[in-house]
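Participant: Got a structure here, written out as structure tokens. Questions coming.
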Amino acid sequence: MKMANFLLFLSLFFSLSSNIRSTFADSGSIGVNYGRIANNLPDPSKVVQLLKSQGLTRVKIFDTDHSVLTAFSGSGISLTVALPNELLSSAAANQSFTDTWVKSNILPFHPATIFEAIAVGNEVFADPKNTTKFLVDAMKNVYASLSNLKINSSIKISSPVALSALQTSYPSSSGSFKQELIEPVIKPMLDFLKQTGSFLMVNVYPFFAYSANTDTISLDYALFKENKGVTDPNNGLVYKSLFEAQIDAVFAAMKALNYDDIKMVVSETGWPSKGDDNEVGASAANAADYNGNLVRRVLAGNGTPLRPDDSLNVFLFALFNENQKNGPTSERNYGLFYPNEDRVYDIPLTREGLKNVTSAPVPVDESKRQVKSPPVPGNTWCVANGDIGEEKLQAALDYACGEGGADCRPIQSGSTCFDPDTLVAHASYAFNSYYQKKARGTGTCDFGGAAYVVTQPPKYGNCKFPTGY
């Protein structure tokens, strides 16, 4: 009987090990972000059925909503959940806070609901509320709370990082983190990930780089289509997609700090099916090409040129179009599905789906493909937070144009950026001028919560926002 139990244990162990390897080492995996900033989405129980019908078994959400966690119970779908940025300071200050958070939001649902990971914060380095200093302590406290409950071995802790954390991203081999982030947070975070056997989460959006630099980046290169490739002059590696080049820039940045053994998960990537006039390349055809070709690339099982043996593990953004998201039109049009569960465009999401592909991709909208915009160097800007109130916004504008040393001449009456004559437009220009003059340093786009960083060129009338001085 003991021998039978032992053999059963071995069978289960090797089966589990095989599953882990196939998901996270050999073949690559596709998951999806299930965002819910909308007022017209189906009930979570219906979403679970939709995911099952598509063969998707890994999902990332941006909170720990109990109705969602309950819906996923017993589904076999693994979840990455989130502790949001606004809780970081409390989570960092006292482990009793994270103890309560874990006992309220994880433990009651575990193990019927499968928790793969907890994302502590999201793009914290770009958070206008300057929560960076709380990040690593918050991660450590969440991990300690899981450890006390003896569930830390099955749930990883990480934090999604935006590419704006890089000082240099081209060529990929020269990738480096912003200097002001390295000692205070990057190294401590990577130390923690290494010690706990976790992975770095990175949000990767080739769309932003392409849309802002159509003169130097080819659309085929951005969409994984046939192209001549880009050769890295430092090591001779040839890149056939912008996505892989961006990932390897992060790998190179980690290697430069002697952390070349930490795995990576792409926690967000996607392409919008619709956008504003200045959002070049946003179309259903391009979104279908990007996501469809990405799925093929990931499920092929190979790594990147710099890490050829590390499979790609990716969460597409996003499951649904979300009609209540702020920002440009593209922000509301990243979904694979409409809220009524119809597909925005038809692409396979699984290996089985790839085998059954017989139809051509969504017809290409050539009018969208041919649109060109002037080159826009740089990749981040600083704009005003219109929700903070006129008094605080005006005070921040006065500081930027006065003591802050921003170039506010273009927003004076009769000048090029005076129109539109609104407080938000003028403040955005002034804040961005200050931000660019400060070399886009961490914390220079905040103004007490009156400003935040964006990765697309701001659009106010015909005003062009600088990316350097």
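The values are calculated or read from the model by the stated rules, or taken from the named source; none is laboratory data. Bear in mind the structure is a predicted one, so any value in this text is a computation, not a measurement. Backbone-built Cβ (ideal geometry, glycine too); neighbour counts: all protein chains shown. When the accessible area is computed, the model is the full protein with side chains, heavy atoms only, and any ligands, DNA or RNA have been set aside. Shrake-Rupley method; radii C 1.70, N 1.55, O 1.52, S 1.80 Å.
Participant: Of the residues that make up the range 390-397, is at least one open to solvent by 80 Å² or more (accessible area, probe 1.4 Å), more than 30 Å from Tyr345 (Cβ to Cβ) and modelled with pLDDT of 90 or more?
Facilitator: So far as the range 390-397 goes, no, none of its residues is open to solvent by 80 Å² or more (accessible area, probe 1.4 Å), more than 30 Å from Tyr345 (Cβ to Cβ) and modelled with pLDDT of 90 or more.
Participant: Right, here's the next one. Which helices (runs of 4 or more DSSP H) does the range 144-253 wholly contain that include 1 or more residues that are more than 30 Å from Lys274 (Cα to Cα) and free of Cβ contacts under 8 Å to residues at least 24 places away in the same chain?
Facilitator: Passing ranges, in order: 187-196.
Participant: So, one more: Among Asp289, Asp261, which is the only one that is over 25 Å from Val81 (Cα atoms) and among the acidic types (Asp, Glu)?
Facilitator: The conditions single out Asp289.
Participant: Do we have Ala439 as free of Cβ contacts under 8 Å to residues at least 40 places away in the same chain, assigned to a loop (DSSP other than H, G, I, E, B) and open to solvent by less than 30 Å² (accessible area, probe 1.4 Å) here?
Facilitator: So Ala439 does not fit the description; no.
Participant: Do you know which residues across the range 338-356 are open to solvent by less than 60 Å² (accessible area, probe 1.4 Å) and in contact with a helix residue (DSSP H, G or I) (Cβ under 7 Å, 6 or more places away or on another chain)?
Facilitator: Val344, Tyr345, Ile347, Pro348, Leu349, Leu354
Participant: Additional query: Condition (residue is of a type outside the set (Asp, Glu) and more than 22 Å from Val265 (Cβ to Cβ)) applied to the range 72-83: is it met by at least one residue?
Facilitator: yes
Participant: What's the number of the condition Leu149 fails, among (1) open to solvent by 40 Å² or more (accessible area, probe 1.4 Å); (2) closer than 21 Å to Gln246 by Cα?
Facilitator: Looking at each condition in turn, Leu149 falls short on (2).
Let's see how each residue does on (1) outside any loop (DSSP other than H, G, I, E, B); (2) under 22 Å from Lys52 (Cα atoms); (3) out of contact with any Asp or Glu (no Cβ under 9 Å at 6 or more places or on another chain); (4) aromatic (Phe, Trp, Tyr):
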site: Gly292; (1), (2), (3), (4): yes, yes, no, no
site: Val298; (1), (2), (3), (4): yes, yes, yes, no
site: Gly303; (1), (2), (3), (4): no, no, no, no
site: Arg307; (1), (2), (3), (4): no, no, no, no
site: Phe315; (1), (2), (3), (4): yes, yes, no, yes
site: Lys325; (1), (2), (3), (4): no, no, no, no
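Participant: Please find, among Ala212, Ala256, Ala165, the residue that is at pLDDT below 95 and within 26 Å of Gly443 (Cα to Cα).
Facilitator: Ala212
Participant: Going through the range 432-469 one residue at a time, which ones are of a type in the set (Lys, Arg) and farther than 20 Å from Glu180 by Cβ?
Facilitator: Across the range 432-469, the qualifying residues are Lys459, Lys464.
Participant: What residue, among those in the range 50-65 that are touching a Ser or Thr at 6+ places or on another chain (Cβ under 9 Å) and not in a strand (DSSP E or B), is farthest from Leu336 (Cα to Cα)?
Facilitator: Thr64
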